[in-house]
Structure formats: C-alpha cells, structure tokens
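The values are calculated or read from the model by the stated rules, or taken from the named source; none is laboratory data. Here the structure is a predicted model, which means the values were calculated and not measured. Here the Cβ positions follow ideal geometry from the backbone for every residue, glycine too, while neighbour counts run over all protein chains shown. These accessible areas exclude ligands, DNA and RNA; they are computed on the full protein's heavy atoms, side chains included. Shrake-Rupley method; radii C 1.70, N 1.55, O 1.52, S 1.80 Å.
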Amino acid sequence: MSLWRQLALGMRALVRRQTTDDELTDEVRHYMDLTTAAYVARGYDRDAARRAAQLEVGNMTVVRERVRAYGWENIVAEVLGDVRFAARRLRANPGFTVVSVLTLALGIGATTAIFSAVNPILLASLPYPRAEQLVVLDDRGQDGSPRDATFGTYAELRARSRSFQSLTVVDRWQPSLTGTNEPERLQGQRVSASYFRVLGVAPAVGRDFADADDQVGGPRVAVLSDRLVQRRFGGDRSLVGRTVKLDDNEYLVIGIMPRQFTNVLAPAVDIWAPLQERARADFNSREWGHHYRLLGRLDASVSPDRARREIDAIGRAAVPEFPRPLWANMSAGLLVRPLRDAMAGEARPMLLAIVGAVIVLLAIVCVNVTNLLVARAAQRRGEFAMRVALGAGRGRLLRQVLTESVLLAGIGGVCGLAVANVGVGALVALSPPGLPRIDAIGLNGPVFAFALIVSALVGLTMGVIPAVAATRTGLQDGLQHMSRRTAGKRGIARNVLVVTEVALALILLVGAGLLMRSLERLFAVAPGFTPSRLLTMQVIDPGRAYRGDTARRLYYERVAEAVRHVPGVTAVALTSQLPLSGDVDGYGYEFQSTPSVKAGEDGSAFRYAVTPPYFATMGIPLRRGRLLDVTDVRGGDEAIVISESLARRKFGDQNPIGQRVRFGPETGSDRPWDVVVGVVGDVKQESLALGQTDAFYVAMGRWWWVDNVQSLVVRTSGDPAALAPSVKRAIWSVDANQPIERIVSMDALIERTASQRRFALVVIETFAFAALLLAAIGIYGVLSGSVTERMREIGVRSALGATRGNILGLIVWQGMALTLLGVVIGLCAAVAASRAIISLLFGVSRVDPVTYVGVVVLLAGVSMLACWLPAWRAARVDPAITLRSE
C-alpha cells in the first residue's frame, strides 16, 4: 500500500472513528463467515463449523484490536486518549494544577523573555548577506583592549592587504538639521565610499556613494535612513535629488536606505556622508587620531585568524610609502573580530550572566514541580498498583505519567508566553543605553519555537522521576502504601530534590549579593567633582553663521552669559567634553624635561577645552598653582592645567608648576611650549570603574580650534530638572536655530555609567527572589507532606510523653538539615559559578565573605519560617484523635 494511501486511510479512521469501527467489525464478521463456510465445505455441520472457525480466528474483539493496532492512526489515538485522561486528572486536582502551571509559567516565561533578548545579539545571524565574512579591526591598547583605528592605518591596509574583498572606515558625525521645524542634532556617520558595499546592502531609493564622492573637497552628498525620512519629511521618497541643510550647508540627498536596514554598530544613526579624508596626512592631523571604526569583508576562503596573521606580518614590515607615527605603528598587530562579537561588546558578559541565572531559575522551577509530581504520585500509588494488577504494562504506565507531565508543561508554556510578553517589555524598558539590536527584541517565530522546545524538555525532565516511581509500584506496595517503610523510600527522592533546590537558590542569591555589593562600592567611588545640583546639556553652533573660531567662541560666551542670568542658576561653564557622558577625546603629549612616554604608558591624556569658571562650577579641587582665568582666554602665555595623576606620573613629588609641555597637534612641532600653571584633582571621564584619569585643561579659544559642540554645565540652587526649560529659552534667546541635546543631570549621568551592572542586578535579583520563594515552598511542601504521612508516629510520640517542644524541634531539625546540606553544596557551586560575573564586579571579590554570610543567614531565616509552619501543625496533633482514627 502506498504511503499516501496509508495516510488517507489513517486520517479517515481518526476523523470517522465510528464508521471505521463498524466497517472493521463487518470485515471481521465477513472473515468469520468465510472461515465457517470453508469448514462446512469440508463436511462439518453448521454448529461444528462455527466452533472450529471461532477456534481458528479467536475472539472477535481481540481480532479487531489487533487489526486496528497495525495502523499509525492507532498510535495517534492512544496518545490522544492519554492526553484526554491526563487532562481529566489535572482537572480533578485544580489546586495542584494551578500551582504547577503558575510555577512553570514563571520559569518558562522568564527563560523565553531572556532568549528573546539574547537571540538577536549573540545567536541569530546579522541582517547582512554572508554576515560571517564581516569583521571589525581594532588597534590594540597598552593592555591589549580594543581601540579605535586611525585613517592612516586604513589607507595602508587597503593598499597592502589581500585578505579582504573590501575595507571601509567610519567616523562619528553629529550634524545639525535646520530649515525644517525645530532644529535637531542628528546621529550620523561619515564613511568611506565602500561602506554599504562592505555590508552588502544598497539604498532602496537612489544610489550608493561613488569613489568620486569620497575625495577631499568632493561634493556634499548624503544618504538618509528610512526612519529619518518618515519622522522629519513625512515619508517623502521624492526627497532624493533635493537638498537638506546640515550644519548650515546644503547637502544633496542621493539615496534612502531600506526600511529594514539595521546599522548594528550604531543603531541610532540616521544619516551618512562621505568621509573625504586625505590618504597622506601629517601626523598631527585628525587622520591619525584614534577615532575611526574599521570594518572589512573577508574573502570567502579567508578566516579571521588568517587575516590576523597577514595583518601582523604587515605590521612588522613597515614600508617607506606608508610612514606611521609611534601611536599607530601596528607593531602589535590589530585585533580582528567577527562583527557579531564587536557588536555585542561589553554587553556579552552581562547577557551571559543573565542566561546563567535564568537557567538556574528554570532548574529550580523543574525541581519544584517535580517535587509536587512526586508527592502526587505517592498519593496515586493505589491507583498505579491496581492498574498494574489489571494488566497495564510498565511502558504504558510510563507513557501515561510522562504525558501528564508534558501536558502540564505545555499549559505552563502557553501561560509562560504571556509572562514572556510582559518580561520582554520590562527588559526593553530597563535595558542599559547602547544595548545592541534592541529593536529586534520581541516575541517572534524563533522565540515561539524556543518556548515550545523548552516546554517539551521541561515536561520530559520533570516527569522522569514520578514516571519511574510509578512503574516500580507493585500490588503489595499499593496495598501497604501507608507503611513507614515505603514512606521512607518516597521521602528520599523528595529530600534530594529539596536539597537541590536550596543549592540552586543559593547560587542566584550569591550572584545578586555580589552585584549589589559591587554597585555599592562603585557608587562610593568619588567622581572627582560635586555632581549634586548640576544640569548638563550639549549646545551646538548653527553652522556658517559662526564659521570662524573667534565668532564661535563669542557665540558660546553669549550663551553662557544668557544662562547665567536665569533665576536659580549659581554658576555656568562650557567644556569640550563632559565627564561620564560617553565623550572620549584624548591626545598625545610631550614634556620638555622628561621622556614623552615611559614603559607601561599609552602616551595620551584627555583634552578639555573649557571656560575659566569650569572648575568652580563642577567642584573640581585645585591641588597646586592656579586655575585658568580670563587672561588665559584673551592673551598672555598659553597656560595649561593638568590632572593630579598626570603630574604624579611624570614628576613624582616634584612641583610641576612651570613645566613646559605640548599636547595634541603641537607634539613634535616647532610651536612654542605651553606652560603648566596648575594641578587639579583627578576626574573620572569614561567610567567610575576605570582608573584612567590623566587629563589636561586649556582655555576655550587657546586650542587649535573651538569645538562646534560644547557641553553646558549649570549649577543650580534647586532641582536641576526644573530649570531645564528656562535654560533652553535662554540659549534660544541668543539664536533660535540652536540645537540642544542630551539634557540630563549629572547625577543621572553617573547612574548611567553603571547601567549594565544595574540591569544585570535587577534581573538576577528578580530571579533570586523567585528562587528563594520557590525554595521555601519546596521545604514547606516536603515537611508538610512528611507531617501528614507521620501523623500516627507523631500521635504515638505524644502519647508516650513527647512534649510539643520535642515534636517542634524534630520537624524543624528535619527541614533545617536539608537546608544545611543544600547550603554546603550551594556554596561550593556558587564559588565556581561566580566566575561568570567577574567582569561585572567592582571592588568586591567573587568570594566576598560578607556576601556569602549574608546570603546564608537570609536563606536560613526563610527556611526556618518554612519549617516552622508544618512543625507548628505537627506539635498541635491530638494523640487521642490520631490513635482513634487508626
């Protein structure tokens, strides 16, 4: 019989069961009649022929069942029958079902929500053709960490490397869009002409950049994102071929990217323009600054390791055609990483720690529900024994119990999707700034498939122990199910599960405790200034109206003067970069009296171009010498203020005041030396957790240029946020076309520096609380069941003179012994598991004794409460009533 014929007959048997049964009965009866007729033809009388036919064919009901068993539909029918029976059993025990489903929904929902965040970042393919060929190339810092490359490095590799189909380089760009409604500062990128070709994408409308666009002095052209076109231009695709005003310059729009295009390394970017840098540039030019991202598409036959080896060889073999400065000599090679790894960046350790936490929580959920199933199986021993006595096979019994477990997990999985939906919303809302591919986080096909697989695996996992117990149930065990001996055997499995649950809960509690202590230590770090009552915002000059440095400086001074007169403002200053805001602007330096770079130093320091009131406004203390003042802006010697760490590193205990120094583009030039006039306290620039604090301060207007983006720092007498509207109006009173961005208090900026640690803490803390609750429920359930099973024993003990205190101590000790064993195992496991969060810790050892002691005390206290309730019930047992019932 053909496969399609078998499928068709099987489906007909499932859909029209009664008709199929009737036809099978007729067929068996017809076969019986034929057999009887054959015996009659051999000389048997009618009755004898009928008896002979029955002996040959057998029982007609058995025959029908055997015939039906040959079809695949019979297996399906049996499974459906098992499901219906399991559903009836679950419906008959609503309390057990509701508790189990809610517990499973918590575990499966949390796991699914975390998977929805981890999948697009760490697992799913990036949204580019042959994304596995895309790599990011970084220079190496002194500690081997990734560091942005230089344009000069890109130019040399493009000419000398043979491992790449193409290379491209990207620089940050934040143009101001004017001429349409309210001015807006856009997030953009200046890119080499090959950028979109390296990614393997093309504009949906218009054209890509051409090599002619990426020449020094080339045309002002731009490609826009679909998101920007929708938001600012009403989705008008005819914008291609027209101009937009950026930084007061006209840019021709040559293309619009597809709606589904994702810029994974910088998701907020909405506009791109050609880089137009010089392939041959002086060492003191911007082309040799470490502020470029370098990407490449490998040849199909080249691996990242092979490309890395080739680049290492190029780095060791410098050629005269491509001279290199000391800070970009490629002598240590470059870091070559897949684009996925570079995209995940610092978020990878955080995500992996959360994945580990949710796996532990899911394991606790499985253990908890398994405990419930074991207890329920103990109550059904009589049923299982009777079914075995009536002929049910071990395999049939095993399948039935597993079916119940899988059905329970399936219902929990469906409810878990609702939990996951809420969890995904919470993850997106709480996610730290810069979390990659956040727009791809959500419930989709892969997430639903994951939830289905997890539900099935959970159902099978937690059903194994009760299923095995059911198959071992015999008739005698079923009739004697209340005996002390059998109760003891059952208790062993449940006790093991509770110990496991306590150990797993302790792992999560230790992780949450370490992160909590780490954040406490991190926020105890002094940032180097006084953050309270500080309002900050970025101010951008409107473009050609302030083209010259002098005009730009005067404009910013007018802005500061206007803000100074706002009621509630006590001090105002401007700076080229703001601490803990994500700004990173560093330059090399050289002192006349000491070598420029010593072993172990990277030879660079943060550059701050500030107005003189900056130090007083920020609350940065003066250590030696003097601060910058108005004379440093309008004339006199070129004064420099340096940080305390830089002064200590270069001069030790000597006084650095009066030392001569050159910074940035001045390094190695014939320009006059600058003079150190003061030393101020160290300020945390990148993060509270990083120790790099070397910095130099120069008066705005005395640097090589006046930055077109300045951070305004305002100290207020009251709530900073309340003054933000008044400060914005003051700025716009100077120029109404002024874009204003990143309006935030300094306290909020400090909070953001620990956003990833805080996010991990919130998630793991939530899981730890759920684990603690589930562990308490598990201990309570085991002891409550034990009290019920030992009611007669407790009554006898009371009758023989045991006091309530004796019985209370007996039950509490039983629970606390399980807790103690779980704590010992959990401590060993927590020490090993804490390695996963080392990168998230600050100032705290992963074996911090305060954390471990605190967690043990907390877990012991909760366990004591869980033990006390059933113990109190046992102590109140009336021995007369108990013995009379026996």
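What the table shows:
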| read-out | value |
| --- | --- |
| Spatial separation of Cα centroids for segment 402-421 and segment 213-287, in angstrom | 49 |
| Two-site label geometry, ARG140 and VAL319: point separation in nm, points 7 Å out along Cα→Cβ | 2.3 |
| Cα gyration tensor, segment 232-306 - rounded (a/c under 1.5), prolate or oblate | oblate |
| Tensor-based shape of segment 324-369 (alpha-carbon gyration tensor, a/c under 1.5 rounded, otherwise prolate or oblate) | prolate |
| Estimated FRET transfer efficiency (ASP236, SER532; beta-carbon r; R0 45 Å; 0.05) | 0.45 |
| Cα-projected label distance for VAL762 with VAL853, points at 7 Å along beta-carbon direction, nm | 3.2 |
| Förster radius 41 Å - calculated FRET efficiency between TRP813 and VAL83, Cβ distance, rounded to 0.05 | 0.40 |
| Label-reachable residues, segment 575-589, where backbone N falls under 17 Å from a point 7 Å from VAL709's Cα toward its Cβ | 575-587 |
| Surface per residue (accessible, 1.4 Å probe) for the chain, Å² | 45 |
| Debye, to nearest 20: dipole size of segment 241-295, +1 on Lys, Arg Cβ, -1 on Asp, Glu Cβ | 200 |
| Dipole of segment 691-739 [Lys/Arg +1, Asp/Glu -1 at C-beta], most positive-end residue of ALA730, ASN708, TYR697 | ALA730 |
| Electrostatic dipole magnitude of the chain [Cβ: Lys, Arg +1; Asp, Glu -1; Cα centre; debye, to 20] | 2960 |
| Label assignment, Kirkwood radius over Cα pairs in Å derived from the structure, set [x] 30.8; [y] 33.6; [z] 28.8 | [y] |
| Selection from VAL57, LEU427, ALA279, by position along the positive dipole direction of the chain (Cβ) | VAL57 |
| Residues TYR31 and SER166, FRET efficiency given R0 of 60 Å [Cβ-Cβ distance, rounded to 0.05] | 0.20 |
| Euclidean distance of C-alpha centroids, segment 792-862 and segment 31-56, integer Å | 77 |
| Rounded, prolate or oblate (a/c below 1.5 giving rounded, otherwise prolate when a/b exceeds b/c) for segment 668-748 by Cα gyration tensor | oblate |
| Extension reserve of the ASP211-PHE523 stretch, reckoned as 0.36 nm per residue once the Cα distance is removed | 107.4 nm |
| Net length gained if the chain between ASP312 and TRP868 were fully extended (0.36 nm per residue, minus Cα distance) | 193.5 nm |
| Beta bridges per DSSP with both ends in the chain, % antiparallel, nearest 5 | 80 |
| Top positive-direction residue, dipole computed over the chain with Cβ charges, set VAL244, LEU90, MET746 | LEU90 |
